[in-house]
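Working notes, beginning with the structure itself.
The values are calculated or read from the model by the stated rules, or taken from the named source; none is laboratory data. Keep in mind that what you see is a predicted model, and the values were worked out from it rather than measured. Here the Cβ is made from the backbone with ideal geometry for all residues, glycine too, and neighbour counts use every protein chain on show.
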Amino acid sequence: MQELSAIFPEKVKVYNEIVDLMVDMIAKQPTKPHVVKALGQRLSRLGIQLFIMAPDKVVVAYLKWRTLASVGENAEEIVKAYAEMILEMRKDIEPTTTCDVETALDLWG
């Protein structure tokens, strides 16, 4: 079995890819069906990687965010769920963090 410390860099890479994907989605605001489909497929692959290597709190936060984003009814709730997810990722990387959801939301300016 692979040692947990060996998984850590890969986990951080996946976390960064999720953040990068969100930045891309905001910057490009994709409207073409093939672009939306490609982003969805990329996000699904990242979700599977999370399921394999991230703790349950990160996986649950990811699923909540994906569910709210797919419904797309309340932008504020979607952004809050995203902030909760990245906070759980941060807690996984740095368990002693004192940051909270409001701190994550402040990053969105």
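Inside the range 1-24, can you point out the residues that are at pLDDT below 90 and either surrounded by 13 or more Cβ atoms within 10 Å (Cβ to Cβ) or in contact with a helix residue (DSSP H, G or I) (Cβ under 8 Å, 6 or more places away or on another chain) (or both)?
Scanning the range 1-24 gives Ile7, Phe8, Leu21, Met22, Asp24.
Conditions tested, residue by residue: (1) surrounded by 12 or more Cβ atoms within 10 Å (Cβ to Cβ); (2) without any contact (Cβ under 8 Å) to a residue 40 or more places away in the chain; (3) among the aliphatic types (A, V, I, L, M); (4) within 19 Å of Ile7 (Cβ to Cβ).
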position: Ile26; (1), (2), (3), (4): no, yes, yes, no
position: Pro55; (1), (2), (3), (4): yes, yes, no, yes
position: Lys80; (1), (2), (3), (4): yes, yes, no, no
position: Ala83; (1), (2), (3), (4): yes, yes, yes, no
position: Trp108; (1), (2), (3), (4): no, yes, no, no
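Out of the range 69-95, which residues are outside any helix (DSSP H, G or I) and over 20 Å from Pro9 (Cβ atoms)?
If the condition is that a residue be outside any helix (DSSP H, G or I) and over 20 Å from Pro9 (Cβ atoms), then Gly72, Glu73, Asn74 are the ones that fit.
What about Glu73, is it in contact with a helix residue (DSSP H, G or I) (Cβ under 6 Å, 6 or more places away or on another chain) and of a type outside the set (Ser, Thr, Tyr)?
On the way: in contact with a helix residue (DSSP H, G or I) (Cβ under 6 Å, 6 or more places away or on another chain): no; of a type outside the set (Ser, Thr, Tyr): yes.
So Glu73 fails the test.
Do we find a residue being more than 19 Å from Ile7 (Cβ to Cβ) and in contact with an Asp or Glu (Cβ under 7 Å, 6 or more places away or on another chain) anywhere in the range 89-104?
Yes, there is a match, as at least one residue in the range 89-104 is more than 19 Å from Ile7 (Cβ to Cβ) and in contact with an Asp or Glu (Cβ under 7 Å, 6 or more places away or on another chain).
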